[in-house]
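To start, the structure under review is shown below, and the notes come after it.
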Amino acid sequence: MTAVFARVWGIGGVVLLLAQAIVRLAPRALEAVRSELDVVQWVALVLWCAFMAHAEGLRGFHRRFSPRVVARAWALAAAPTPLRVALAPMFCMSLFAASRRGRIVAWSIVLGVAVLVAIVSRFEQPWRGIVDAGVVLGLGIGAASIVLHTVRAMGGTPPPIDPDLPVALGSDRAQ
């Protein structure tokens, strides 16, 4: 039962974080799309959304982040500890109990996103909405990708990525 809870909480928590961001950003994106954009703004919107679908959605989420989240959820279920289960979404995002490189990458992304959010929040409409539209598209692809990798794992096909676990999985020291 703990294994099932660890997987559901880990994967579900990450998907909920993405869904919360999508719900928060979508109204501004829709506001921009529904406004009277000029030709340059429409071109920017289309190019930005295409870029974000490829870079964030496909390359960032589908090929890297999503399979790692699922692989780490399965690893957590195989060797749960109270701390890791309680913080399962953070564990699945490699924010702790990962290789040094994995933790640096994960925390750098979290901090980088926070800085970008602070910068983009200062943009005027429709530019803020144009940026948000691309982000919503990328996050939507990411959430769908996590679900897809989860369904595949449930069917017996594990994610094609190393879960990036520390050498001593049972130890949380120095992690």
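Considering only the range 137-166, state which residues are among the β-branched types (Val, Ile, Thr) and either part of a loop (DSSP other than H, G, I, E, B) or touching a Pro at 6+ places or on another chain (Cβ under 8 Å) (or both). Within the range 137-166, THR157, ILE161 meet the criteria. Checked against (1) more than 17 Å from the chain's Cα centre (by Cα); (2) more than 24 Å from ALA19 (Cβ to Cβ); (3) not aliphatic (A, V, I, L, M), ASP164 passes all but a single condition, namely (1).
For every residue, the table says whether it meets (1) more than 23 Å from PHE51 (Cβ to Cβ); (2) of a type in the set (Gly, Ala, Ser).
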| residue | (1), (2) |
| --- | --- |
| LEU87 | yes, no |
| LEU95 | yes, no |
| SER108 | no, yes |
| GLY112 | no, yes |
| ARG122 | no, no |
| VAL135 | no, no |
| GLY142 | no, yes |
| ARG152 | yes, no |
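Taking the conditions (1) of a type in the set (Val, Ile, Thr); (2) touching a Gly at 6+ places or on another chain (Cβ under 9 Å); (3) free of Cβ contacts under 8 Å to residues at least 24 places away in the same chain in turn, VAL85 satisfies each one other than (3). Taking the criterion of being in contact with a helix residue (DSSP H, G or I) (Cβ under 6 Å, 6 or more places away or on another chain), β-branched (Val, Ile, Thr) and modelled with pLDDT under 95, the only residue of the range 141-175 that qualifies is ILE161.
Take the range 70-98 and flag every residue that is of a type in the set (Ser, Thr, Tyr) and under 14 Å from ILE11 (Cβ atoms). Hit for the range 70-98 is SER94, nothing else. I'd like the residue in the range 102-126 that is touching a residue at least 24 places away in the same chain (Cβ under 8 Å) and part of a helix (DSSP H, G or I) and, out of all such residues, is surrounded by the most Cβ atoms within 10 Å (Cβ to Cβ). The selected residue is GLY102. The requirement of being surrounded by fewer than 16 Cβ atoms within 10 Å (Cβ to Cβ), assigned to a helix (DSSP H, G or I) and not acidic (Asp, Glu) is satisfied by GLN20. Screening the range 33-89 for helices (runs of 4 or more DSSP H) wholly inside it with 2 or more residues that are buried (at least 20 other Cβ atoms within 10 Å of the Cβ) returns the ranges 39-52, 66-78.
The values are calculated or read from the model by the stated rules, or taken from the named source; none is laboratory data. Here the structure is a predicted model, which means the values were calculated and not measured. When we count neighbours, we look across all protein chains shown, and the Cβ atoms used for this are built from the backbone with ideal geometry, even at glycine.
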